[in-house]
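Just below is one structure, and these are the notes that go with it.
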Amino acid sequence: MKRIFFSVLIFLSFGILVPTGDILVPMDEVQTNHLKAYGLAYWTLKNHEKPCEWLLNYRFGSFLLPDSPEVRKKAGLMGVKIEIVSPEEVLRIFQEIEENNMDRVLLEKAPKVAVYTPIDSYLKGEKYDLMEPWDDAVILALEYAEIPFDKIYDREILSGFLSKYDWVHLHHEDFTGQYGKFYRNYHGAFWYQKRVAWTENEAKELGFSSVQEFKGAIALKIREYVLEGGFLFAMCSACDTLDISLSAIGVDIVPPEIDKTPIDVNYQSKLNFNRCFAFENFKLITDINIYEFSDIDVSIYSNPQESRKEDFVLFEFSAKHDPVPTMLTQCHVRIVNGFFGQTTSFKESVLKDDVIVMGTVLEGGRVKYIHGNRGRGTFTFYGGHDPEDYSHYVGDPPTNLSLHKNSPGYRLILNNILFPAAKKKQKKT
């Protein structure tokens, strides 16, 4: 895995491609399938020796791909609208980009992608079948966009597998050892009991004294991955429970109803926020009957969908001076429909000072989409469960993305997947 210094990112803005005629993949309102357009760019990177370009802020983040019969055919099969542009048109586009808040970023290599999620191959069996009663938006996006990925889980992470990947997504996991705080409503459910039994057995087999200690070790491995140059993306409860777990290493924060041991009465004063990615000075919620981990999350579950109180606005950044947040916010709308999750949005007052807010809930005081650097790597946290299912519940069927080909909320996920492909110059030491 490349080890990249992120404190200085210099993106090539001139002479990226010699214009000889190219394929433009427009990402404005004329695009027939925004989501598969990312898959087309990924496929082109993976199957052609020539690089591609991401035209930041030009027609809402369009792609410029090398022209070939294979790329044209693939676009047709995927239902992605393309435009064939002549060398003269390419020069005109480059001139427009140079004169406006736009930029050209070279995409040079398809990133190797992994999703942290239960792996069917070793979780299924007579004793355990951990197919969870919910889906994952990133897996849906990757599969729909035809972007290949591997599934990895706890044993793989502890064995050092993370270093094989450029980009890792965290499934909707609870890293605190509290099984998603589903105890009150689901402790009698078969799927919940199987999850508890399997995880306790895994922790014991791997030499951990508790599930909290087990998941804390996973969180530390993920932190190490980022510090060494990895790209981390998380949604929903993985965002806040990762930081909570890191802050509580060696401190019992799990209610006795779950782990049969008492909570450390001084847990709050013992939290170490220095290990956290994004949050600090948060207060834990340890009541077993409250469906919340801490005051990081702001989920106002009583809001009816019609109120649109969860809608959020994407900030606009300088493409030439702030290329990273510009890439991550490429979208054909500025106001995106909100959506709930166990962790819906983040309280702004508990963000660390250096965290970049890229999307904020319209009502204020709550942020939805954040990014930051840690060591040589980056993290991006995105609140909510499914961008096209406002109040996705346990047991609901997965979203059919063929009905949401132009989803702004899903576009943000896919921006992150292509982000590691962007060419950067390493910082000189």
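Quick look at the numbers
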read-out	value
In degrees, nearest ten, helix 237-247 long axis to first principal axis of the chain (Cα)	60 degrees
Segment 256-327: relative contact order in percent, alpha carbon pairs under 8 Å with at least 6 residues between	14 percent
Sequence ranges 149-157, 228-236, 105-113, 164-172, ranked by mean other-Cβ count within 10 angstrom, highest first	228-236, 164-172, 105-113, 149-157
Signed unit charges on C-beta, dipole axis of the chain, positive-most listed residue 379, 93, 340	93
Greater than 26 Å apart at Cα, pairs in 112/405; 112/283; 36/215; 164/215; 221/352; 164/320	112/283; 36/215; 164/320
Nearest-20 debye value, the chain charge dipole, Cβ charges on Lys, Arg, Asp, Glu	1100 debye
Residue-span extension gain [residue 403 to residue 201] - 0.36 nm each, minus C-alpha spacing	68.7 nm
0 to 90° range, to nearest 10: angle between helix 408-418 axis and the chain longest Cα axis	80 degrees
Percent accessible area from carbon and sulfur atoms, the chain, protein chains only, probe 1.4 Å	52 percent
Net length gained if the chain between residue 189 and residue 155 were fully extended (0.36 nm per residue, minus Cα distance)	9.7 nm
Nearest-0.05 FRET efficiency for residue 86 and residue 163, computed from C-beta distance (R0 41 Å)	0.40
Förster-model FRET efficiency, 35 Å R0, residue 270 and residue 313, C-beta, rounded to 0.05	0.40
Helix 190-205 axis, angle to the chain major axis (alpha carbon atoms, nearest 10°)	90 degrees
Solvent exposure of the chain as accessible area per residue, Å², 1.4 Å probe	40 Å²
Average Cα contact separation per residue, the chain, under 8 Å, 6 or more apart, as relative contact order %	21 percent
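The values are calculated or read from the model by the stated rules, or taken from the named source; none is laboratory data. These figures come from a predicted structure and were not determined experimentally. Reconstructed Cβ throughout: ideal geometry from the backbone, glycine too, with neighbour counts over all protein chains shown. The protein model used for the area step is the full one, side chains on, heavy atoms only, and it has no ligands, DNA or RNA in it. Shrake-Rupley method; radii C 1.70, N 1.55, O 1.52, S 1.80 Å.
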